[in-house]
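Have a look at the structure below, then the notes.
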Amino acid sequence: MLSAIWLSCKKPVPVNEKPIYESSFTGKWIMLNVTVPVPGDTLQFRTDSRSKLLRFNYSTQGPGSTALIYNYENEKFYYDDYVNPGAGFYHVSSFRWIIRGEQFRVRLNEIIRSISSDYYVTFRKLN
């Protein structure tokens with residue numbers, strides 16, 4: 001009886017306060033509001049026994065994809081700096097969850113660092 005009362009009083013955790021685990025990133029993420037292919041319009045996160053990988057196309061013309069080690073800790077997103085090899089991890093300072101584990105917003109030039117356009121894009125998880 002007491003456990004039933006305790007369970008009924010338990011408040012749900014708001015979406016933006018749910019903890020994020022490595023598995024929260026795993027899968028395919030697509031850029032919203034895109035009508036033609038653009039560099040970085042699809043991100044694929046994968047975790048294996050050795051590392052966490054982020055894969056995306058940085059070109060829409062032929063081969064041009066990369067796979068990078070990524071990390072997420074203390075609400076900050078990082079990936080292996082592909083522009084400056086050997087420099088360690090690059091901090092994606094614009095990364096913000098819209099719906100934790102389901103949607104995030106980021107400046108596109110922090111993913112595709114070869115472009116000069118400075119605007120935000122939103123990604124939604126497909127699976």
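The values are calculated or read from the model by the stated rules, or taken from the named source; none is laboratory data. Predicted, not measured: the structure shown is a model, and the values here were computed from it. Here the Cβ positions follow ideal geometry from the backbone for every residue, glycine too, while neighbour counts run over all protein chains shown.
When region 12-40 is examined, which residues are found to be crowded, with 17+ Cβ neighbours inside 10 Å, at pLDDT 90 or above and out of contact with any Lys or Arg (no Cβ under 8 Å at 6 or more places or on another chain)?
Within region 12-40, just Met31 meets the criteria.
For region 49-58, state whether one or more residues are over 11 Å from the mean Cα position of the chain (by Cα) and more than 15 Å from Thr26 (Cα to Cα).
Yes, region 49-58 has at least one match.
Name the residues in region 118-127 that are touching a helix residue (DSSP H, G or I) at 6+ places or on another chain (Cβ under 9 Å) and either farther than 15 Å from Val34 by Cα or not in a loop (DSSP other than H, G, I, E, B) (or both), would you?
Residues satisfying the conditions are Asp118, Tyr120, Val121, Lys125.
Scan region 73-90 and tell me whether some residue there is loosely packed, with under 12 Cβ neighbours inside 10 Å and closer than 21 Å to Leu32 by Cα.
The answer is no; no qualifying residue exists.
Mind listing whichever residues of region 42-76 are under 14 Å from Leu108 (Cα atoms) and modelled with pLDDT of 90 or more?
Thr42, Leu43 - these are the residues of region 42-76 that are under 14 Å from Leu108 (Cα atoms) and modelled with pLDDT of 90 or more.
Could you say whether any residue in region 79-90 is among the charged types (D, E, K, R) and more than 12 Å from the chain's Cα centre (by Cα)?
Taking every residue of region 79-90 in turn, at least one turns out to be among the charged types (D, E, K, R) and more than 12 Å from the chain's Cα centre (by Cα).
Would you please name the residue that is nearest to the chain's Cα centre (by Cα), looking only at residues in region 99-119 that are surrounded by 14 or more Cβ atoms within 10 Å (Cβ to Cβ) and within 16 Å of Ser24 (Cβ to Cβ)?
Phe104
Looking at region 83-90, is at least one residue within 20 Å of Met31 (Cα to Cα) and among the hydrophobic types (A, V, I, L, M, F, W, C)?
No, because not a single residue in region 83-90 is within 20 Å of Met31 (Cα to Cα) and among the hydrophobic types (A, V, I, L, M, F, W, C).
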